Amino acid sequence: MRTRRTAAAALAVLALTAVAACGKEGSPNGDSSGPASSYEVKKDVSVSGSPTFDAAKKRGKLIVGAKADQPNLGFEDVANGTRTGFDIEIAKMIAADLGFPADKVEFKTVPSTNRETAISGGEVDYYVGTYTINDDRKQKVSFAGPYYVAGQDLLVAKDNTDITGPEATKGKKVCSATGSTSIERIKKYGAQIVAFDTYSQCVDKLLDGSVDAVTTDDAILKGYAAKYEGKLKVVGKPFSQEPYGVGLNKDDKALRDAINNAIEAHEKNGDWKKAYDATLGKSGSTATPPQLARY
């Protein structure tokens with residue numbers, strides 16, 4: 001009897017180990033319902049005329065700029081060094097079509113203020129991190145995409161019925177990041193501005209009731225709504241348009257075309273939607289792939 005019990009226990013441990021292994025392989029978060037942790041890697045890829053691609057092939061890996069503090073968008077778990085989120089999945093899709101598996105992609109955290117410098121200086125091969133395409137930036141870097149079109153919106157408590165859009169923020173305490181364009185835009189509606197260095201500080205204040213809403217791009221807000229599912233919600237009435245692109249060296253047209261092709265292919269085969277649903281989609285907000293502009 002003792003031998004049978006020991007054998008049964010051993011089998012149970014093996015079964016649990018197998019389940020855990022499957023979960024880890026199925027998604028970056030260990031959630032089988034999440035996006036795939038790897039995408040089909042193209043073989044013998046060549047991007048003729050791209051010095052950036054040639055340099056990456058020579059070093060044997062891609063270096064991708066990203067955010068590290070945006071839940072379900074671009075987030076780094078410092079404890080184990082893993083990166084998760086919608087932007088991270090987009091970066092991996094592109095890498096796979098360029099011939100690089102996930103273990104040959106090095107993510108580098110680059111602050112927003114240093115993005116153009118990091119790209120033009122060759123510190124990163126391309127950048128995926130809530131990077132809005134605009135005319136000023138196009139003077140310094142090039143863009144592929146957009147792969148997502150965001151818009152400024154509002155994050156409120158799940159049971160809040162007073163704030164139904166920007167017009168309803170008059171006299172309300174609305175929080176955003178210091179120096180952000182979101183502050184200037186929401187001011188026009190008569191909101192009382194509260195500012196902190198990071199959006200996570202704003203969200204903390206929303207959770208404890210110190211502010212009535214948080215405002216910035218809806219993609220960022222969806223990430224927090226997904227993180228605090230059941231406690232927070234995105235109002236869902238964007239009042240700006242922010243097309244997110246993949247930033248790369250201004251003179252590298254060959255790589256830009258290759259990245260555009262990769263984005264389009266993964267939108268068509270369903271990878272885009274699967275990645276969205278498993279990350280930002282957990283906020284309860286739906287989205288569809290945008291029309292590529294091919295800047």
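The values are calculated or read from the model by the stated rules, or taken from the named source; none is laboratory data. The structure displayed is predicted, hence computed values, not measured ones. We place every Cβ from the backbone using ideal geometry, glycine too, and count neighbours over all the protein chains shown.
The residue of the stretch 252-295 that is surrounded by the fewest Cβ atoms within 10 Å (Cβ to Cβ), among those that are among the basic types (Lys, Arg) and either farther than 28 Å from residue 234 by Cα or more than 16 Å from the chain's Cα centre (by Cα) (or both), is 268.
Scanning the stretch 230-265 for residues that are of a type in the set (Phe, Trp, Tyr) and at pLDDT below 95 yields a total of 0. Any residue at all in the stretch 51-65 that is loosely packed, with under 14 Cβ neighbours inside 10 Å, touching a Gly at 6+ places or on another chain (Cβ under 8 Å), more than 29 Å from residue 197 (Cα to Cα) and not aromatic (Phe, Trp, Tyr)? Yes, the stretch 51-65 has at least one match.
When each of 153, 208 is tested for being under 22 Å from residue 69 (Cα atoms) and surrounded by fewer than 17 Cβ atoms within 10 Å (Cβ to Cβ), the lone residue that passes is 208.
Given the options 151, 121, 209, 129, name the one that is farther than 26 Å from residue 284 by Cα and not hydroxyl-bearing (Ser, Thr, Tyr).
121
Would you call residue 119 under 15 Å from the mean Cα position of the chain (by Cα) and either assigned to a loop (DSSP other than H, G, I, E, B) or β-branched (Val, Ile, Thr) (or both)?
no
Count of the stretch 122-154 residues, restricted to those that are of a type in the set (Ser, Thr, Tyr), part of a strand (DSSP E or B) and more than 25 Å from residue 58 (Cβ to Cβ), is 3. Tell me whether the stretch 163-183 contains one or more residues that are acidic (Asp, Glu) and either within 27 Å of residue 246 (Cβ to Cβ) or touching a residue at least 24 places away in the same chain (Cβ under 8 Å) (or both). No - not one qualifying residue is present in the stretch 163-183.
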